[in-house]
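The structure's right below; bear with me while I get my questions together.
Just so it is clear, none of the values below were taken in a lab; they were calculated from the coordinates. Please read these numbers as outputs of a predicted model, since none were measured by experiment. Please note: Cβ atoms are built from the backbone with ideal geometry, for glycine as well, and neighbour counts cover all protein chains shown.
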Amino acid sequence: MNKTDLKDLTYLEYPPLTDDLELAKSHLDDYGVAIIQDVLSSESVKEIKERLEEQFYGEEKYNVGSKSRGDEGFGQEVKEEEKVSRLVWNLINKGDCFLQFIDHPKILPLIQHAIGEKVILCSMGAHMNGSNNQRMPLHQDQWPLVPHPMDFNFMANSMVLISDNSPENGGTRLIPGSHKWPLIDYKSANSDEVQNNVQSITAPAGSAIIWSGRVWHGNGLNRSGEIRSNISTAYFQPWVRPQENHTYSVRKEVLEKLTDKQRHILGFSPFGTLGGHDGSSVSPAEFDRDRESIGVLKP
Ligand SMILES: O=C(O)CCC(=O)C(=O)O
């Protein structure tokens, strides 16, 4: 790693928005990024925005969840009052309006195009970036989660925009084309040489960005005076351990509402020989460990 001359790296423009699935697949291949228009209606955006804002202030009130200024990953000391952003984790439990993102028909086929037919959900969370945030380090989603850099695509991410994204409100900054870069380290990727080439996306609320786990990206600087909210739903090939362990964190009342397909994507059933029990490939969501797992037995 790290023999690359940063001057040789190629930067592409963002691909145009599209609602054509086949074109979006070719954008994913060529740019590592696709931007899909009209994934949500304006009524749906409004409903989700209201739910997210309630959750943001609810988590604030009960002093739970995750707050940041953005630049903690650079090792910055941050005062509590400077933490203007929240990552509202595990939306699966936080409103029926989020369940559609587990297997959204305009998103899941593109994720499957990027990493294959069989997927497991890594995590779903809202990046609610407050005004006066700071930049997080540019990163590849699939890299820090797995101990070794691996030069193939086993992760893909989606972000449904609940706010219009622009340079003014810290639209997500991605580097189209960087999925084909040679492996470079974190420090080089965060050098001025690279940072100066990265632009915030401009796209309307209701659209979605899909990207390969190897695309370098990060947040943008929000100076708009308002919160910018994007919902990230990320997926792995099913052999990787997900960020959120849905098999114990999904609340019972939510589990009852999920379809079989959604439970499967959340990891409630095995993939091949992985994720079953006692050598069995049957692992239903209602699994009762005390009754069904075989313990110490004697003849
Ligand atoms: O908030 C954003 O725009 C990007 C967030 C992001 O890249 C991340 O948390 O991995």
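One quarter of the convex hull surface, Cα atoms only: what value does that give for the chain in nm²?
17.8 nm²
At Thr273 and Glu72, where each label point lies 7 Å from the Cα along Cα→Cβ, what is the point-to-point distance in nanometres?
Once both label points are built, they end up 4.0 nm from each other.
Hand me the trypsin sites (Lys or Arg not before Pro) from segment 152-258 located in a DSSP loop with no more than 16 other Cβ atoms within 10 Å, in residue order please.
Qualifying residues, ordered by number: Arg223, Arg251, Lys257.
Using a 10 Å cut-off around each Cβ, can you sort His264, His148 from fewest to most neighbouring Cβ atoms?
The fewest-first ordering by Cβ neighbours comes to His148, His264.
Let me check against my output: what whole-number percent is the relative contact order of segment 220-291, with C-alpha pairs under 8 Å and at least 6 apart?
19 percent
Using helices alone, what [θ] at 222 nm do you get for the chain, with -39,500 (n - 2.57) per DSSP H run of 4 or more residues, divided over all residues and rounded to the nearest 500?
Counting only the DSSP helices, I get -5500 deg cm²/dmol.
I need the phi-derived Karplus couplings for segment 58-75: 6.51 cos²θ - 1.76 cosθ + 1.60, θ = phi - 60°, integer Hz, Gly and Pro marked x.
Coupling constants for segment 58-75: x, 5, 4, 4, 8, 6, 10, x, 10, 10, 7, 9, x, 9, 4, x, 8, x Hz.
Any idea which of Trp239, Val198, Gly125 is furthest toward the positive side of the dipole for the chain, if Lys and Arg beta-carbons carry +1 and Asp and Glu beta-carbons -1?
So the residue we want is Trp239.
Determine ³J(HN,Hα), in whole Hz, for all residues of segment 111-120 in sequence, where each value follows from phi through the Karplus function 6.51 cos²θ - 1.76 cosθ + 1.60 and θ = phi - 60°; x replaces Gly and Pro.
With the stated coefficients, segment 111-120 comes to 4, 5, 4, 6, 10, x, 4, 8, 9, 10 Hz.
Still on this structure, please answer the following. Would you mind ranking Ile102, Ile35 so that the residue whose beta carbon has the fewest other beta carbons within 10 Å leads the list?
The order, fewest Cβ neighbours first, is Ile102, Ile35.
When the Cα atoms of segment 214-257 are enclosed in a convex hull and the volume is divided per residue, what value in Å³ results?
142 Å³
Please rank Met150, Met136, fewest neighbouring Cβ atoms within 10 Å first, as an exposure proxy.
Met150, Met136
Using DSSP to define loop residues, name the GluC sites (Glu not before Pro) in segment 11-59 whose beta-carbon has at most 13 other beta-carbon atoms within 10 Å.
Counting only loop positions with at most 13 other Cβ atoms within 10 Å, the GluC sites (Glu not before Pro) in segment 11-59 are Glu13.
Could you derive backbone 3J(HN,Hα) for segment 10-27 from the dihedral phi with the Karplus parameters 6.51, -1.76 and 1.60 (θ = phi - 60°), listing whole Hz in sequence and x where the residue is Gly or Pro?
Result, ordered by residue: 9, 10, 9, 6, 5, x, x, 4, 8, 10, 9, 4, 5, 5, 4, 4, 5, 5 Hz.
Let me ask something else about it. Taking the simple approach of a point 7 Å from Cα along Cα-to-Cβ for both Leu23 and Asp96, what is their distance in nm?
3.5 nm
Assign unit charges at the C-beta atoms only (+1 for Lys and Arg, -1 for Asp and Glu), then state the dipole size of segment 38-85 relative to its Cα centre in Debye, rounded to the nearest 20.
The dipole of segment 38-85 has a size of about 60 debye.
Based on the Cβ-Cβ distance of Thr202 and Lys261, what FRET efficiency does E = 1/(1 + (r/R0)^6) give at R0 = 35 Å, to the nearest 0.05?
That pair, Thr202 with Lys261, gives E of 0.55.
Ok, one more. Could you check the spin-label model distance between Thr10 and Glu47? Points 7 Å from the Cα along Cα→Cβ, value in nm.
4.3 nm
Roughly how big is the chain's charge dipole about its Cα centre, with Cβ charges of +1 (Lys, Arg) and -1 (Asp, Glu), in debye to the nearest 20?
My answer is approximately 560 debye.
Here's a follow-up. Considering the dipole of the chain built from charges on the beta carbon (Lys and Arg +1, Asp and Glu -1) around the Cα centre, which of Leu91, His148, Gly177 is farthest to its positive end?
Farthest along the dipole direction, towards plus: His148.
How much length is gained if the chain between Leu297 and Phe152 is pulled fully straight, taking 0.36 nm per residue apart and subtracting their Cα-Cα distance, in nm to one decimal?
Additional length available on full extension: 47.8 nm.
Kindly provide the trypsin sites (Lys or Arg not before Pro) of segment 77-138 that DSSP labels as loop, not H, G, I, E or B, and whose Cβ sees at most 15 other Cβ atoms within 10 Å.
Lys79, Lys118
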